[in-house]
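Have a look at the structure below before the remarks.
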Ligand code: GLU
């Protein structure tokens, strides 16, 4: 294990995990080994250095990546992550997972991901803007509406997307709405995009409740991460009558077994920058949050938070993966033995890229939809993918993750075979 990996939140190399998962899918679903071999590689990995001027006049230099995993089903799609622990192999794994996610949702996209090794919280707004614009310039030949379309991920937001949109457009000489999604509404964003990832998770939880003859307002939920996904999921579940018993962010967590006042938590985070210290709650750590008694545990932050060492202490009966890769394969096996159901990332957090697809379509047509329409179409797509995944799980007697990946990989494999190997 390299030093970079040992000191970060990554306990294992995510790209190796993603490739092992793919091999397993190949065996379970009987997919041609030649195809699995092709799909276990990323089509293109671009590494750039990003020099930019700091406010004090010195020059900082960051490392950035943009990885395209696959384009068999269409242009590649995936977010850009700003985080100090970003590694090339992490971005490659995340790109591969985007290929599966887009295919499972039946979107006409392949998978990609970008990342910059940096702590965005330590940069001023102006530094963030200069760094983002330089990163965009460095990858300008990789991205484009028909080629590769970035979006927000951990550490980036609609502001960052606006700078990417503007930098790309200035270079082309005209506004190119389709180059990036997750943009602010004022420059061609889509209604509903901001909360779409959480909304997709909610639709999965509702579909699961339907299968089990339960209601969402009977559930207690612990949510790790209070960024875009975690905070919106807390808000939506709270509005549906579920009891949110714990929330957290990178500074720590808060717990109240009788339920947290979610709007107050949102306000507290806005005022203080963290959920820590919220009135009427007990302080807990992010590690403790994973093991709390509740019906649903929703990891909505980083990868590998449920692993071989803590999976046997998870008390939730369902894990809803708002983050990408929060459960390691070793933990998956333990959870399955214990009868804990995992709603896998490619299904449970796909709402974001689904509405990104809607944003891309709206941008290309310069015709924008009402929010109700966005949400109704999102629900249709997520509900259909949930049902297909559920049926595949029954048919193959496997986990929801295997079923979801199986469906996705088969779709990408079919597109690859139909197109044929060039030349
Ligand atoms: N970063 C998000 C994800 O992991 C969104 C990607 C997108 O909208 O393209 O799904």
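Take residue 93 and decide whether it is surrounded by fewer than 24 Cβ atoms within 10 Å (Cβ to Cβ) and more than 11 Å from the ligand (Cβ to nearest atom). Judged against the criteria, residue 93 is not a match. On the stretch given as the range 209-236, residues that are over 15 Å from residue 289 (Cα atoms) and part of a helix (DSSP H, G or I) total 14. Taking residue 331, is it closer than 17 Å to residue 402 by Cβ, within 13 Å of the ligand (Cβ to nearest atom) and modelled with pLDDT of 95 or more? Judged against the criteria, residue 331 is not a match.
Filtered by the rule that a residue be at negative phi and in a loop (DSSP other than H, G, I, E, B), the range 313-335 gives 314, 315, 316, 317, 321, 322, 323, 324, 326, 328.
So that you can scan it fast, the table gives a plain yes or no per residue for (1) touching a residue at least 40 places away in the same chain (Cβ under 8 Å); (2) more than 13 Å from the ligand (Cβ to nearest atom); (3) within 17 Å of residue 46 (Cβ to Cβ):
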{"position": "89", "(1), (2), (3)": "yes, yes, yes"}
{"position": "109", "(1), (2), (3)": "yes, no, no"}
{"position": "113", "(1), (2), (3)": "yes, no, yes"}
{"position": "122", "(1), (2), (3)": "no, yes, no"}
{"position": "127", "(1), (2), (3)": "yes, yes, no"}
{"position": "140", "(1), (2), (3)": "no, yes, yes"}
{"position": "153", "(1), (2), (3)": "yes, no, yes"}
{"position": "160", "(1), (2), (3)": "yes, no, no"}
{"position": "181", "(1), (2), (3)": "yes, no, no"}
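Against the numbered list (1) closer than 30 Å to residue 178 by Cα; (2) touching a residue at least 24 places away in the same chain (Cβ under 8 Å), residue 334 comes up short only at (1). Taking the residues in the range 349-371 that are away from the ligand (no atom under 16 Å from the Cβ) and not in a helix (DSSP H, G or I) as candidates, determine which candidate is farthest from residue 178 (Cα to Cα). Here the answer is 370. Kindly indicate the residue of the range 203-213 that is without any contact (Cβ under 8 Å) to a residue 12 or more places away in the chain and exposed (fewer than 13 other Cβ atoms within 10 Å of the Cβ) and also farthest from the chain's Cα centre (by Cα) among those meeting that condition. Within the range 203-213, the match that is farthest from the chain's Cα centre (by Cα) is 213. Residues in the range 53-78 that are under 21 Å from residue 179 (Cβ atoms) and part of a strand (DSSP E or B): 64, 65, 66, 67, 68, 69, 70, 76, 77. Restricting the range 336-348 to residues that are in a helix (DSSP H, G or I) and either modelled with pLDDT under 95 or more than 16 Å from the ligand (Cβ to nearest atom) (or both) leaves a set whose member that is nearest to residue 104 (Cα to Cα) is 336. On inspection, residue 134 passes the criterion of being over 21 Å from residue 385 (Cβ atoms), more than 15 Å from the ligand (Cβ to nearest atom) and touching a strand residue (DSSP E or B) at 6+ places or on another chain (Cβ under 8 Å). Here residue 203 passes the criteria (1) within 16 Å of the ligand (Cβ to nearest atom); (2) more than 21 Å from residue 383 (Cβ to Cβ); (3) assigned to a helix (DSSP H, G or I) except the one numbered (2). Filtered by the rule that a residue be in contact (Cβ under 8 Å) with a residue 60 or more places away in the chain and out of contact with any helix residue (DSSP H, G or I) (no Cβ under 9 Å at 6 or more places or on another chain), the range 359-373 gives 370, 371. It is to be established whether one or more residues within the range 72-81 are crowded, with 16+ Cβ neighbours inside 10 Å and more than 13 Å from the ligand (Cβ to nearest atom). Yes.
Residue count for the range 1-27, restricted to those that are touching a helix residue (DSSP H, G or I) at 6+ places or on another chain (Cβ under 6 Å) and either modelled with pLDDT under 95 or more than 15 Å from residue 89 (Cβ to Cβ) (or both): 2.
The values are calculated or read from the model by the stated rules, or taken from the named source; none is laboratory data. This is a predicted model, so every value here is computed, not measured. Glycine gets a Cβ as well: all are built from the backbone with ideal geometry, and neighbour counts include every protein chain shown.
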